[in-house]
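What follows is calculated from the coordinates using simple rules that are stated; it is not laboratory data. This one's a predicted model, so the numbers in the text were calculated from it and none came from an experiment. Glycine also receives a Cβ, built like all others from the backbone with ideal geometry; neighbour counts cover every protein chain displayed.
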Amino acid sequence: MHDKLRLSLDKSQGILANSRIVYLMLYANDLEASRAFYEVMLGLRLIEADKSSAKYDTGQTILCLNRAADYGVKLARRDYTADLTFLVDNLDGVRATLAKRGVEFSETLRYEIGATVNFYDPDGRSISLYEPSTVAMSWPSGEKIRAVSTAGGKSAKGYGGAGSGLEGRELIYLFLFVPDAEVAFDFYHGALGLHHLECRPCRRGSTDHERGVVKYDAGGIMLTTHLSQSAGQPPEVGALQRKGIAPVYHVTDVEAVVEALAQKAIHSGGVVQSESGVMARFEDPFGRVFYLHEPFLDTLQTRRGAKLAQILAARL
C-alpha cells in the first residue's frame with residue numbers, strides 16, 4: 001500500500017474517513033429540460049456548461065448534470081432510492097418562491113426534526129427543503145450544519161430566506177434509501193470507514209431499526225443511509241434508480257485508495273485519466289455507483305477549478 005495512504009489510514013482507521021464528497025453526478029434524459037429546471041426554476045448558480053454537462057454551485061458540493069445517454073445510463077420514471085436535501089431557514093418563503101415558478105410540492109411535514117417538503121426534478125429525482133428545529137440543531141448533525149454554513153462564508157443562521165430560490169443554499173444531505181440497514185452499516189462504516197455523526201431509528205416512525213437512519217460525515221454534506229420501507233418494487237427498477245446519482249469523493253491518491261478498497265473486496269473498474277485528473281469507480285452492495293477523483297494540481301489553479309479549490313480549502 002502506498003505510504004501516503006498508510007499514514008492516512010493509521011490516523012483515521014478508515015479508507016475514506018478523511019475524504020469528502022465534492023461532486024454529485026446527476027444524469028438527465030433531457031439535458032436542456034434539466035438545465036431549465038435547475039437554473040430557471042430552482043435558481044442555482046451555473047459554474048460552467050457545455051453541450052453534454054452543466055455544473056452548479058450547491059455550497060460545499062458541486063452538482064453536475066450529465067447527459068444520461070453519454071454514460072449509458074437508463075433512468076426509471078421516479079427515483080425512490082435517494083433524496084437531495086437543501087438547507088433553508090425559511091421553508092415557507094422558499095417554497096412560495098419556487099411554487100410561483102412552477103415547482104410542484106408535496107405536503108410540508110413538521111415534526112421533531114423541523115420542517116421538510118419535497119418535489120421532483122424532470123427525471124423523477126427527489127429533492128427536499130429542510131428547515132431544522134431548535135432541537136435538531138442541538139444534535140451532532142446540527143453542529144455539522146453550523147460548520148458547513150460557516151465554511152460557506154455565512155453565519156450559522158445565514159442559510160435561508162426566500163430570496164431567489166435555492167441560490168446560495170447548502171446541499172446539506174444526500175439520503176440513500178437502502179433495503180438492509182445492517183449491510184449498509186457494514187459497508188459504509190465498516191469497509192469505507194466513514195465516521196457516523198448519528199445512528200438511530202427514524203424519528204418519523206417509518207422504521208424502528210436502531211440503525212434505521214445513519215448520518216455520515218462526508219465533508220460539506222452528510223451522506224445518510226435510511227432504511228427503506230417501500231415494498232413490492234421490482235428489483236430491476238431499483239437498480240435503474242440507483243444509477244441516477246453518483247457521489248464523487250476527492251482523494252489524494254486514487255491508485256492507493258483503489259488498492260485499499262480491493263483489500264476489502266471492493267473492486268473498481270480501474271483508474272481512468274481525464275483532462276482534469278484521474279478517477280475510479282466502485283459500487284456499494286446495492287449497486288449505487290461512487291467515484292474517486294484525484295484532480296490535477298494545475299486544474300485547481302484555473303478558473304474552472306476555482307470552486308473545487310474553495311471547497312477543498314474549507315476546514316470541515
For the chain, just say rounded, prolate or oblate: build the C-alpha gyration tensor, square-root its eigenvalues into a ≥ b ≥ c, call rounded for a/c under 1.5, and beyond that prolate if a/b exceeds b/c, oblate if not. rounded
All other residues with a Cβ under 13 Å from the Cβ of PHE187 taken together, and with Lys, Arg as +1 and Asp, Glu as -1, what is their net charge? -2
Could you tell me the relative contact order of the chain? Use alpha-carbon pairs under 8 Å, at least six residues apart, and round to a whole percent. 21 percent
Region 58-151 -> Rg/Rh from Cα coords, Kirkwood Rh, value 1.01
Mind jotting down the distance between the C-alpha centroids of region 14-60 and region 292-316, whole Å? 16 Å
Full-extension gain between THR299 and THR134, please, as 0.36 nm times their residue separation minus the C-alpha to C-alpha distance. 55.3 nm
Counting helices only, and only those DSSP H runs with n ≥ 4, report the 222 nm mean residue ellipticity of the chain as the sum of -39,500 (n - 2.57) divided by its residues, in deg cm²/dmol to the nearest 500. -6000 deg cm²/dmol
Counted charge near GLU275, where neighbours are those whose Cβ lies closer than 14 Å (Asp, Glu -1; Lys, Arg +1): -3
Which FRET efficiency value, to the nearest 0.05, do you get for ALA306 and ALA96 by plugging their Cβ-Cβ distance into 1/(1 + (r/R0)^6) with R0 = 30 Å? 0.35
Between ALA313 and ASN29, what is 0.36 nm times their sequence separation minus the Cα-Cα distance? Round to one decimal in nm. 98.9 nm
